[in-house]
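Participant: Below you'll find the structure I mean.
The values are calculated or read from the model by the stated rules, or taken from the named source; none is laboratory data. None of these values were measured; they are calculated from a predicted model. Please note: Cβ atoms are built from the backbone with ideal geometry, for glycine as well, and neighbour counts cover all protein chains shown.
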Amino acid sequence: ETAVFQTPNYHVTQVGNEVSFNCKQTLGHDTMYWYKQDSKKLLKIMFSYNNKQLIVNETVPRRFSPQSSDKAHLNLRIKSVEPEDSAVYLCASSYEGNERLFFGHGTKLSVL
Amino acid sequence: SQLAEENLWALSVHEGESVTVNCSYKTSITALQWYRQKSGEGPAQLILIRSNEREKRNGRLRATLDTSSQSSSLSITATRCEDTAVYFCATVLSSGSWQLIFGSGTQLTVMP
């Protein structure tokens with residue numbers, strides 16, 4: 001059963017628009033992540049965040065930013081989307097130091 | 001660059017057969033995990049094997065780890081159609097980071 005919830009499931013937008021994806025976890029975890037999965041299923045970590053530290057993958061463009069209101073929520077904002085941003089964005093959570101990640105079902109972004 | 005990668009992008013077997021997915025990694029690790037991602041879902045952990053372990057089982061699944069050759073394998077016995085998925089290995093680095101780095105994935109198709 002799913003305990004990491006992502007909305008929307010799909011989003012279609014045009015180049016230059018701003019988008020925001022939501023993620024909520026009900027597992028009581030203290031660490032949340034965003035991964036990008038491309039068309040070849042390659043998973044690349046973008047951000048990991050808990051109340052102590054934000055770790056940013058240095059390859060992530062500055063137009064991407066995580067936004068957290070509390071430890072159960074970590075949203076992803078893309079300020080001005082580009083065609084190469086088309087992908088599935090997966091949110092995950094875990095306890096800090098516990099390597100097991102629990103993933104949501106993903107948000108598929110298509111940039112026209 | 002990926003720090004872990006599966007060998008072989010795609011495998012097909014018939015139901016009831018056994019199959020093995022291999023993974024190689026490039027850095028020192030504290031543990032290696034296997035995840036499975038079914039279509040339309042996020043990855044789900046199958047097995048975690050620590051660097052001081054050589055083998056771990058979970059039902060029809062068996063994972064091995066060889067730290068000298070920096071490789072791991074995941075074997076599935078008596079495969080079922082519902083085992084059809086992309087299988088990833090993922091490594092937890094020894095450097096102290098709690099980020100999980102995924103390999104490129106192997107698509108397994110189990111045919112009736």
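Participant: Within segment A:60-93, restricting attention to residues that are farther than 21 Å from A:ASP30 by Cβ and aliphatic (A, V, I, L, M), which residue is modelled with the lowest pLDDT?
Facilitator: A:VAL60
Participant: Follow-up question, since we're still on this one. Would it be correct to say that B:SER51 is more than 14 Å from chain A (Cβ to nearest Cβ) and either within 26 Å of A:ASN57 (Cβ to Cβ) or at pLDDT below 90 (or both)?
Facilitator: Numbers: more than 14 Å from chain A (Cβ to nearest Cβ): no; either within 26 Å of A:ASN57 (Cβ to Cβ) or at pLDDT below 90 (or both): yes.
No: the conditions fail for B:SER51.
Participant: Something else now. Pairs under 7 Å by beta carbon, first residue facing chain B (nearest Cβ under 7 Å) in segment A:87-101, partner outside any strand (DSSP E or B) and charged (D, E, K, R), six or more apart or different chains?
Facilitator: Pairs found: A:GLU96/A:ASP30.
Participant: Can you work out which of the residues in segment B:77-112 that are within 26 Å of B:THR27 (Cα to Cα) and β-branched (Val, Ile, Thr) is modelled with the lowest pLDDT?
Facilitator: B:VAL92
Participant: Now for a separate question. Can you spot a residue in segment A:94-108 that is closer than 30 Å to B:ALA10 by Cβ, surrounded by 13 or more Cβ atoms within 10 Å (Cβ to Cβ), small (Gly, Ala, Ser) and modelled with pLDDT under 95?
Facilitator: So the first thing to find is which residues in segment A:94-108 are closer than 30 Å to B:ALA10 by Cβ, and the list is A:94, A:99-108.
Subset that is surrounded by 13 or more Cβ atoms within 10 Å (Cβ to Cβ): A:94, A:99-108.
Next, only the ones that are small (Gly, Ala, Ser) stay: A:94, A:104, A:106.
With the extra rule that they be modelled with pLDDT under 95, the set shrinks to A:94.
Yes; the residues of segment A:94-108 include at least one that is closer than 30 Å to B:ALA10 by Cβ, surrounded by 13 or more Cβ atoms within 10 Å (Cβ to Cβ), small (Gly, Ala, Ser) and modelled with pLDDT under 95.
Participant: Identify the single condition in (1) more than 13 Å from the chain's Cα centre (by Cα); (2) modelled with pLDDT under 95 that A:ASN57 does not satisfy, given that it satisfies every other one.
Facilitator: Unmet for A:ASN57, out of (1) more than 13 Å from the chain's Cα centre (by Cα); (2) modelled with pLDDT under 95: (1).
Participant: Also: Determine, yes or no, whether A:LYS41 is at pLDDT 95 or above and closer than 23 Å to B:GLU41 by Cα.
Facilitator: Working: at pLDDT 95 or above: no; closer than 23 Å to B:GLU41 by Cα: yes.
Against the criterion (at pLDDT 95 or above and closer than 23 Å to B:GLU41 by Cα), A:LYS41 does not qualify.
Participant: List the number of the failed condition for A:GLU84; all other conditions in (1) within 14 Å of chain B (Cβ to nearest Cβ); (2) outside any loop (DSSP other than H, G, I, E, B) hold.
Facilitator: (1)
Participant: One residue is enough: does segment A:63-72 have a residue meeting the conditions within 12 Å of chain B (Cβ to nearest Cβ) and either crowded, with 17+ Cβ neighbours inside 10 Å or β-branched (Val, Ile, Thr) (or both)?
Facilitator: Applying the first criterion (within 12 Å of chain B (Cβ to nearest Cβ)) to segment A:63-72 yields none.
No: zero hits.
Participant: A further question follows. Are any residues in segment A:18-46 outside any loop (DSSP other than H, G, I, E, B) and more than 10 Å from chain B (Cβ to nearest Cβ), and if so, which ones? Explain how you work it out, then say what you get.
Facilitator: The first filter runs over segment A:18-46 and keeps only residues outside any loop (DSSP other than H, G, I, E, B), leaving A:19-25, A:31-37, A:43-46.
Those that are outside any loop (DSSP other than H, G, I, E, B) and more than 10 Å from chain B (Cβ to nearest Cβ): A:VAL19, A:SER20, A:PHE21, A:ASN22, A:CYS23, A:LYS24, A:GLN25, A:MET32, A:TRP34, A:LYS36, A:MET46.
Participant: Looking at segment A:1-17, which of its residues are out of contact with any Lys or Arg (no Cβ under 8 Å at 6 or more places or on another chain) and part of a loop (DSSP other than H, G, I, E, B)?
Facilitator: Answer for segment A:1-17, where residues must be out of contact with any Lys or Arg (no Cβ under 8 Å at 6 or more places or on another chain) and part of a loop (DSSP other than H, G, I, E, B): A:GLU1, A:THR2, A:ALA3, A:PRO8, A:GLN14, A:VAL15, A:GLY16, A:ASN17.
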